[in-house]
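Colleague: Structure incoming, see below.
The values are calculated or read from the model by the stated rules, or taken from the named source; none is laboratory data. Values in this document were obtained by computation on a predicted structure and should not be read as measured data. Virtual Cβ from ideal backbone geometry, glycine too; neighbours counted across all protein chains shown. Just the protein is used for accessible areas: all its heavy atoms, side chains included, with ligands, DNA and RNA removed. Shrake-Rupley method; radii C 1.70, N 1.55, O 1.52, S 1.80 Å.
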Amino acid sequence: QVHFVESGGGLVQPGGSLRLSCKDGGNVFSIDSMGWYRQAPGKDREFVAFIRTGGKTGYGDSVKGRFTITRDIAKNTVYLQMNNLKFEDTAVYYCYGGFSALPSWWGQGTQVTVTS
């Protein structure tokens, strides 16, 4: 069984910050990547960020310079620090685990709403 548990979503004003967490609940397969996608209403799922076992990170163009992905290996947890949030960041954020930065398994998602 492979599962990921997200937390940290909520309501925030434009310009504000949130930190999402994703805990790897224990997997049969030794994944080498974890990351985040997001999906806004009526839109396709969009890549946000990944982090690989060696520490390499990558970001979607729309979040570069505002979002930072980090990990705590001891806690099997990945974090997404989101700063300077904009209305267009409103979406359900999905954590994933997989290989070579690509998703194989998904979490259930956590809602982030940027509203004034």
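Colleague: How much net charge surrounds N76 when only other residues with a Cβ under 11 Å from its Cβ are counted (Lys, Arg +1; Asp, Glu -1)?
Modeller: +1
Colleague: Among rounded, prolate and oblate, which fits the range 56-116 when a ≥ b ≥ c are the square roots of the eigenvalues of its C-alpha gyration tensor, a/c under 1.5 means rounded, and a/b larger than b/c means prolate?
Modeller: It is prolate, given that a/c is not under 1.5 and a/b is the larger ratio.
Colleague: Ok, one more. With +1 on each Lys and Arg Cβ and -1 on each Asp and Glu Cβ, and nothing else charged, work out how big the dipole of the chain is about its Cα centre, in Debye to the nearest 20.
Modeller: Using only the charged Cβ atoms, the result is roughly 180 debye.
Colleague: Also, quick follow-up: At 7 Å along Cα-to-Cβ for each site, give me the label-to-label distance between Q111 and A40 in nm.
Modeller: Here the modelled spin labels are 1.7 nm apart.
Colleague: Which number do you get for Rg(Cα) / (2.2 N^0.38 Å) in the chain?
Modeller: 0.99
Colleague: Then there is this: Which whole-angstrom value gives the distance between the alpha carbon centres of the range 4-19 and the range 42-116?
Modeller: For the range 4-19 versus the range 42-116, the Cα centre distance is 11 Å.
Colleague: Further, regarding this structure: Between S104 and residues 5 or more places away or on another chain, which pairs have amide H atoms under 5 Å apart, with H built 1.01 Å from N, and which residues are they?
Modeller: Distant-sequence amide H within range of S104: G97, G98, F99.
Colleague: In the range 60-116, what percent of the accessible surface is made up of carbon and sulfur (1.4 Å probe, ligands and nucleic acids excluded)?
Modeller: After summing per-atom areas, the C and S share lands at 49 percent.
Colleague: Taking a probe of 1.4 Å, how large is the accessible area per residue of the range 1-88, in Å²?
Modeller: 56 Å²
Colleague: From a point 7 Å beyond the Cα of S30 in the direction of its Cβ, which residues of the range 76-92 have a backbone N at a distance under 17 Å?
Modeller: Under 17 Å, as judged by backbone N against the label point of S30, lie 76 of the range 76-92.
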